[in-house]
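The values are calculated or read from the model by the stated rules, or taken from the named source; none is laboratory data. From a predicted model like this one, the values you see are computed outputs, not experimental measurements. Glycine also receives a Cβ, built like all others from the backbone with ideal geometry; neighbour counts cover every protein chain displayed. Surface areas here come from the heavy atoms of the whole protein model, side chains and all, with no ligands, DNA or RNA. Shrake-Rupley method; radii C 1.70, N 1.55, O 1.52, S 1.80 Å.
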Amino acid sequence: MIDVVGIDAPCMDFLVNLEELPYTNCSMPILQSSWQGGGKAATALVALARLGGSCGIVADIGSDLYGDVIEWDFKRHGIDTSQLRRMEGAGTSLSLVLSDRKTHGRSVIWQGGGAPLVNDLDVQYLQQAKYLHVPGVSGVFAEAMKIVREAGGKVVIDADRYDPAILDGLAMIDVFIASEFFFDRVAQGRDVETCCREIQKKGPQIVIFTFGAKGCAGIGMDGVFFSEPAFDVPVVDTTGAGDVFHGAFIYGLLQGWDARRCAEWGNAVSAIKITRLGGRAGIPDLQTVNKFLSSGVIDGDALDERACWYAKALENTLKETGGKGDAV
């Protein structure tokens with residue numbers, strides 16, 4: 001039984017951490033670099049699996065080495081890959097992610113790999129899900145949302161970048177979690193509580209907005225508005241923090257927690273993540289999160305081991321799998 005199914009277009013992230021973002025004709029040293037799988041729903045599933053959740057990925061990726069790394073990373077975390085298809089002759093999308101320690105910001109430069117977004121779905125696979133996690137509401141996402149909800153499951157959306165189609169599809173969304181970038185587009189002078197209540201009236205049972213270092217705020221099924229502050233930790237890279245928040249929030253929903261407790265948990269997991277480079281190296285396990293919440297201490301040994309693995313992820317995947325993929 002798989003509790004959570006995610007649909008996504010996974011990519012390969014090459015992450016470069018700098019003191020500050022480059023300017024024209026400059027030269028500067030790289031502080032850290034890493035190869036990690038990316039994608040909103042994809043990384044959320046890795047976070048959920050690290051915490052002990054049962055999940056599966058529905059996606060198409062290329063037949064290259066990048067695809068090998070992505071597939072192996074899902075399998076290393078116990079994520080079901082029976083619906084992860086390798087497209088012969090197609091490449092896997094690549095993102096160059098530049099993060100800087102001066103502003104704690106990031107810039108993404110990407111190229112498509114040629115593997116399409118999923119164009120057909122296994123209905124029975126989706127029907128088993130308690131939750132479906134998607135980054136959009138159009139096309140295959142809409143089809144999957146309908147299947148899951150008709151089977152009694154719920155839909156969680158990662159509304160990161162503003163898309164008016166998401167607002168049109170609110171009736172099909174049960175848990176709406178959006179970024180500060182989305183909020184900035186919809187607020188138009190209104191406060192967070194007003195925006196949350198207006199969205200909730202259109203369908204979602206839970207509405208959350210995340211605001212990075214300012215924490216998050218939202219409304220749960222009880223109709224009570226709340227805000228949860230972010231945790232103060234040394235920031236290395238915020239890449240994937242929102243994705244990880246979603247995975248952690250869904251973990252809380254599976255435990256039967258209310259929205260406020262899920263939000264606090266999501267903030268804690270994301271805070272630990274941003275102490276390491278990339279979206280996945282810093283994702284903690286259950287024990288690490290509980291220790292952090294009880295003592296404020298991050299047990300970094302396991303995270304450092306993960307960071308070392310991802311720093312050489314291409315090489316390590318070749319060693320551990322034999323390297324099935326085409327040369328990049």
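Scanning the chain for GluC sites (Glu not before Pro) lying in DSSP loops with no more than 14 further Cβ atoms inside 10 Å, the longest uninterrupted stretch between such sites is 89-328.
In this structure the amide hydrogen of Leu84, modeled in the peptide plane, comes within under 5 Å of the amide hydrogens of Ala59, none closer than 5 places in sequence on its chain.
Are there trypsin sites (Lys or Arg not before Pro) in segment 271-314 that DSSP marks as loop and that have at most 15 other Cβ atoms within 10 Å, and which are they? Of the trypsin sites (Lys or Arg not before Pro), the ones in loops of segment 271-314 whose Cβ has at most 15 other Cβ atoms within 10 Å are Lys312. Taking a ≥ b ≥ c as the square roots of the eigenvalues of the alpha carbon gyration tensor, segment 80-133 is oblate, as a/c is not under 1.5 and a/b does not beat b/c. With an a/c value of 1.5 or above and a/b not larger than b/c for the gyration tensor axes a ≥ b ≥ c computed over the alpha-carbon atoms, segment 59-190 is described as oblate. For His104, no residue whose modelled amide H falls within less than 5 Å of its own remains once neighbours fewer than 5 places apart on the same chain are excluded.
Rounded to 0.05, the FRET efficiency of the Leu21 and Cys308 pair, given R0 = 25 Å and the Cβ-Cβ distance, is 0.45. Between Gly39 and Cys11, the built amide H atoms are under 5 Å apart, and every one of these is 5 or more places off in sequence or on another chain. Relative contact order for the chain: 19 percent, from Cα pairs under 8 Å spaced at least 6 residues apart, divided by residue count. Note on the chain: helix-only mean residue ellipticity at 222 nm, from DSSP H runs of 4+ residues weighted -39500 (n - 2.57) and normalised by residue number, equals -11000 deg cm²/dmol. The residues of the chain present an accessible area of 43 Å² per residue when probed at 1.4 Å with all protein chains retained.
Across the accessible surface of the chain, with the other protein chains kept in place and a 1.4 Å probe, carbon and sulfur atoms take up 49 percent. Residue-wise HN-Hα couplings along segment 249-262, as the Karplus relation 6.51 cos²θ - 1.76 cosθ + 1.60 with θ = phi - 60° gives them from phi, are 5, 5, 4, x, 4, 5, 7, x, 6, 7, 4, 5, 5, 4 Hz; Gly and Pro carry x. Across segment 291-299, coupling constants 3J(HN,Hα) worked out from phi with the 6.51/-1.76/1.60 Karplus curve, θ = phi - 60°, read 5, 4, 5, 8, 10, x, 9, 9, 7 Hz, and Gly and Pro carry x. Rounded to whole numbers, the Karplus 3J(HN,Hα) couplings from phi for segment 161-168 are 8, 5, 9, x, 4, 5, 5, 6 Hz, using 6.51 cos²θ - 1.76 cosθ + 1.60 with θ = phi - 60°, and x at Gly and Pro. Taking 0.36 nm per residue of separation and subtracting the current Cα-Cα distance, fully stretching the chain between Phe181 and Gln205 would add 6.5 nm. When both segment 131-147 and segment 1-66 are represented by their alpha-carbon centers, they are found 21 Å apart.
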